[in-house]
Amino acid sequence: MSSVHGKVAVVTGAGSGIGRALAFELAKRGARLALSDIDELGLSETADRAKALGAEVHTARLDVGDRAAVLAYAEEVAGHFGVVHQVYNNAGISGGGRTVLDSEWEVYDRVLRVNLFGVIHGTKAFLPHLLASGDGHVVNVSSLNGYLAQPSLSAYCTSKFGVRGFTETLRGEVLAAGHPVQVSVVHPGGVKTNIANASLREAEELGLEVTEEQRARLRTYNEKLLRMPAEEAATIIVDGVEAGRPRILVGNDAKAIDRLVRFLPRLYPRLLVRLERRFSGS
């Protein structure tokens, strides 16, 4: 068991969703916060509320897909606080809604740049500082799509499977070396965030065709699948961090799907196809 009280915790993607909720939960537990996001307005709102909860807060606009920017940010945070104990590589985007055959190359480039390389950048940039703290913790946010491959989400699933593999590899390495750093991978289920809506807006801004089937899929996600409040998800995640859990499943759906994939690996793709048809009305 380890407390986050008094620790310096870095949270990427803190301007909304799970990242914002993590900032508040960590603030309530007495952590000092380094918060970043590409959305400066959302980040400012998060920072103000975290400060009202009594936290010391450092903020910076950050594109986690920009390697040089993340490396510079890690030095900035370490210089500001003098130490860094925890990094929550949470920033992510959706992307998808099309088959592999129909997906644009730019979708893969954008999603992998943020979701996978953003996590790799954040981990490698902060890991030396976590080692130096003598009590570090890497927390990388994957998804239930980090173990469940879902049709029409190839870019997203690829990125989240990658986060899982990268994080579990890192955990083996620090265990082998005896480093004073814990490593956790987080697999949230259906959490109420704006990620699905944002994905649709991004597609429209890029001039990509958005079909009625994709809009129906979005409505299904928002109304039936994304149910858990982000605050509840954040509590589960920080509880898991304090308990030192290497694998943190968030939500009963994440737990149920984990069992489904492990015990019925050949059957679950067929079940997914049936569910997709049911939700789309086809």
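Taken over segment 61-78, the criterion of being small (Gly, Ala, Ser) and under 14 Å from Ala9 (Cα atoms) is satisfied by Ala74, Ala78.
Here's a check for you: in segment 124-158, which residue that is small (Gly, Ala, Ser) and closer than 30 Å to Arg98 by Cα is surrounded by the fewest Cβ atoms within 10 Å (Cβ to Cβ)?
Taking the candidates together, the pick is Ala149.
Whether any residue in segment 33-41 is within 18 Å of Ile120 (Cα to Cα), out of contact with any Gly (no Cβ under 9 Å at 6 or more places or on another chain) and charged (D, E, K, R) is what I want to check. No, there is no match, as no residue in segment 33-41 is within 18 Å of Ile120 (Cα to Cα), out of contact with any Gly (no Cβ under 9 Å at 6 or more places or on another chain) and charged (D, E, K, R).
Please enumerate the residues belonging to segment 145-160 that are part of a helix (DSSP H, G or I), among the small types (Gly, Ala, Ser) and in contact with a helix residue (DSSP H, G or I) (Cβ under 6 Å, 6 or more places away or on another chain). Gly146, Ala155, Ser159 - these are the residues of segment 145-160 that are part of a helix (DSSP H, G or I), among the small types (Gly, Ala, Ser) and in contact with a helix residue (DSSP H, G or I) (Cβ under 6 Å, 6 or more places away or on another chain). Scanning segment 134-151 for residues that are touching a residue at least 60 places away in the same chain (Cβ under 8 Å) and not β-branched (Val, Ile, Thr) yields a total of 8. Scanning segment 159-191 for residues being buried (at least 19 other Cβ atoms within 10 Å of the Cβ) and either touching a Phe, Trp or Tyr at 6+ places or on another chain (Cβ under 8 Å) or over 27 Å from Lys7 (Cβ atoms) (or both) gives a total of 4.
Just to check your reading of the model, which residue among Arg29, Arg67 is touching a Phe, Trp or Tyr at 6+ places or on another chain (Cβ under 9 Å) and of a type in the set (Lys, Arg)? Before you say what the answer is, go through the steps one by one.
Working: Arg29 fails: touching a Phe, Trp or Tyr at 6+ places or on another chain (Cβ under 9 Å).
Only one candidate passes the filter, namely Arg67.
In this structure, is Gly240 crowded, with 16+ Cβ neighbours inside 10 Å and at pLDDT 95 or above? So that I can check it myself, show each step before the final result.
Working: crowded, with 16+ Cβ neighbours inside 10 Å: yes; at pLDDT 95 or above: yes.
For Gly240, the condition - crowded, with 16+ Cβ neighbours inside 10 Å and at pLDDT 95 or above - is met.
Can you name the residue in segment 1-19 that is of a type in the set (Val, Ile, Thr) and not in a helix (DSSP H, G or I) and is also surrounded by the fewest Cβ atoms within 10 Å (Cβ to Cβ) among such residues? Quick ask: steps written out before the conclusion?
Our first condition is that a residue be of a type in the set (Val, Ile, Thr); within segment 1-19, this holds for 4, 8, 10-12, 18.
Keeping just the survivors that are not in a helix (DSSP H, G or I) gives 4, 8, 10-12.
Numbers: Val4: 21, Val8: 24, Val10: 28, Val11: 30, Thr12: 28.
Here the residue is Val4.
Which is at pLDDT 95 or above, farther than 25 Å from Pro246 by Cα and not in a helix (DSSP H, G or I), of His58, His80?
Numbers: His80 fails: not in a helix (DSSP H, G or I).
Just one listed residue meets the conditions, His58.
Go through segment 31-50 residue by residue and tally those that are among the hydroxyl-bearing types (Ser, Thr, Tyr) and farther than 12 Å from Gly19 by Cα. Break it down stepwise before answering.
Narrowing segment 31-50 to residues among the hydroxyl-bearing types (Ser, Thr, Tyr): 36, 44, 46.
In the following step, the residues that additionally are farther than 12 Å from Gly19 by Cα were identified as 44.
Of the residues in segment 31-50, 1 are among the hydroxyl-bearing types (Ser, Thr, Tyr) and farther than 12 Å from Gly19 by Cα.
From the list Leu101, Leu22, Leu53, Leu41, which residue is crowded, with 22+ Cβ neighbours inside 10 Å and either free of Cβ contacts under 8 Å to residues at least 40 places away in the same chain or within 15 Å of Val241 (Cβ to Cβ) (or both)?
On the way: Leu101 fails: crowded, with 22+ Cβ neighbours inside 10 Å; Leu53 fails: crowded, with 22+ Cβ neighbours inside 10 Å; Leu41 fails: crowded, with 22+ Cβ neighbours inside 10 Å.
Of the residues listed, the single one that is crowded, with 22+ Cβ neighbours inside 10 Å and either free of Cβ contacts under 8 Å to residues at least 40 places away in the same chain or within 15 Å of Val241 (Cβ to Cβ) (or both) is Leu22.
Determine if segment 168-177 includes at least one residue that is in contact with a Ser or Thr (Cβ under 9 Å, 6 or more places away or on another chain) and either farther than 21 Å from Asp37 by Cβ or free of Cβ contacts under 8 Å to residues at least 40 places away in the same chain (or both).
Of the residues in segment 168-177, the ones in contact with a Ser or Thr (Cβ under 9 Å, 6 or more places away or on another chain) are 170-171.
From the residues that got through so far, the ones that are either farther than 21 Å from Asp37 by Cβ or free of Cβ contacts under 8 Å to residues at least 40 places away in the same chain (or both) too are 170-171.
The answer is yes, given that some residue of segment 168-177 is in contact with a Ser or Thr (Cβ under 9 Å, 6 or more places away or on another chain) and either farther than 21 Å from Asp37 by Cβ or free of Cβ contacts under 8 Å to residues at least 40 places away in the same chain (or both).
The values are calculated or read from the model by the stated rules, or taken from the named source; none is laboratory data. Fair warning: this is a prediction, and the values are worked out from it, not measured in the lab. Glycine also receives a Cβ, built like all others from the backbone with ideal geometry; neighbour counts cover every protein chain displayed.
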